[in-house]
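A quick write-up on the structure given underneath.
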Number of protein chains: 2
Amino acid sequence: MAEDAITDGTTGGAETCCTPPGDVDSDAMATDLQVLTAMGNDTRYELLRRISNADDGVCVCDLEAAVGVSQSAVSQALSRLYTAGLVTRRKEGSWRYYEPTETTAALLETLDELRGAHE
Amino acid sequence: MAEDAITDGTTGGAETCCTPPGDVDSDAMATDLQVLTAMGNDTRYELLRRISNADDGVCVCDLEAAVGVSQSAVSQALSRLYTAGLVTRRKEGSWRYYEPTETTAALLETLDELRGAHE
DNA sequence: GAAACATATTAGTGCTCACTTGTATAAGCT
DNA sequence: AGCTTATACAAGTGAGCACTAATATGTTTC
């Protein structure tokens with residue numbers, strides 16, 4: 001069922017209003033959606049911003065106080081960000097430090113540019 | 001292009017495990033979240049991709065068949081994308097043509113680059 | 001080993017959201 | 001005028017999600 005639009009496109013006489021669009025790469029879609037849905041949430045977005053603003057990696061204990069949800073919620077949010085490839089985490093003693101990945105940096109920068117330079 | 005980087009009002013004598021992060025610009029956060037949540041959905045993402053792939057603007061009638069949800073759902077999705085500033089729409093006769101905005105183009109391009117860049 | 005701290009995991013729950021169905025508006029066609 | 005097509009809007013509903021609370025795991029210090 002890869003090829004479509006063969007059935008009645010030419011002979012049926014049904015005039016289409018515009019060019020039918022091509023398919024979407026489903027692998028890319030899955031990857032992008034994981035990133036977008038991970039970022040597209042108040043708590044996780046703010047965590048990402050705070051992690052990105054700090055130069056040296058942020059631990060959960062600080063983030064917890066900042067975003068106003070429970071420790072458990074912060075942990076879950078960070079876990080999700082990690083799974084989506086938006087943060088790295090390193091363990092140091094009993095603390096865990098989170099740092100932004102290139103994906104996070106690039107997307108936040110793009111968003112910043114778009115906000116700053118609207119036409 | 002230095003960021004605002006509001007200094008937090010932490011009155012600290014307490015020892016923390018790392019540097020406390022600064023605050024997040026809530027205006028920027030609201031704007032970015034509207035964009036991210038609008039893109040972060042299967043149907044809307046695919047609509048955006050299809051709209052972006054077409055050179056000349058796409059009308060709802062074609063999109064409807066492509067994404068596999070009802071006409072009403074497509075209309076609602078496009079409305080949301082429009083509200084979020086991700087597409088423009090122009091009316092031509094009884095059809096409506098949607099085209100990507102700069103925001104959409106920039107974000108999809110960033111996502112493409114990120115996917116292609118790492119191993 | 002026990003207690004205190006730091007983070008993760010599990011279970012349960014209210015709320016949001018994306019969909020479907022039905023209806024409304026508006027433009028072409030006969 | 002009616003009929004058909006193209007899109008939008010409104011109401012209702014099921015599923016997923018983000019939270020809290022409780023518990024578990026791991027680390028440091030006594």
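Summary table
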read-out: Proxy reagent accessibility, fewest Cβ within 10 Å first, across A:Val60, B:Val69; value: B:Val69, A:Val60
read-out: Peptide B:54-60 - average C-beta neighbours from other chains (10 Å radius); value: 3
read-out: Burial ordering of A:Thr104, A:Thr43, fewest other beta-carbon atoms within 10 Å first; value: A:Thr43, A:Thr104
read-out: Label geometry 7 Å along the beta-carbon vector: A:Gln76 inter-copy distances in nm; value: 2.5
read-out: Tensor-based shape of segment B:26-117 (alpha-carbon gyration tensor, a/c under 1.5 rounded, otherwise prolate or oblate); value: prolate
read-out: Other protein chain Cβ atoms within 10 Å, averaged over every residue that makes up B:92-103; value: 2
read-out: Among B:32-38, B:52-58, the order from most to least packed when residues are scored by Cβ within 10 Å on average; value: B:32-38, B:52-58
read-out: Förster radius 25 Å - calculated FRET efficiency between B:Ala73 and A:Met29 (Cβ-Cβ, nearest 0.05); value: 0.90
read-out: For B:Leu63, net neighbour charge (Lys/Arg +1, Asp/Glu -1) across residues whose Cβ lies under 13 Å away; value: 0
read-out: Averaged over A:27-40, number of beta-carbon atoms from partner chains that fall within 10 Å; value: 6
read-out: Summed side-chain charge close to B:Glu113 - residues other than B:Glu113 whose Cβ falls under 13 Å, Lys, Arg +1, Asp, Glu -1; value: -4
read-out: Sequence of B:Arg90, B:Arg80 once ranked by neighbouring C-beta atoms within 10 Å, starting from the fewest; value: B:Arg90, B:Arg80
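No value in this document is a laboratory result; all are computed from the given coordinates. Bear in mind the structure is a predicted one, so any value in this text is a computation, not a measurement. Cβ sites come from the backbone with ideal geometry, for glycine too, and all protein chains shown count toward neighbours.
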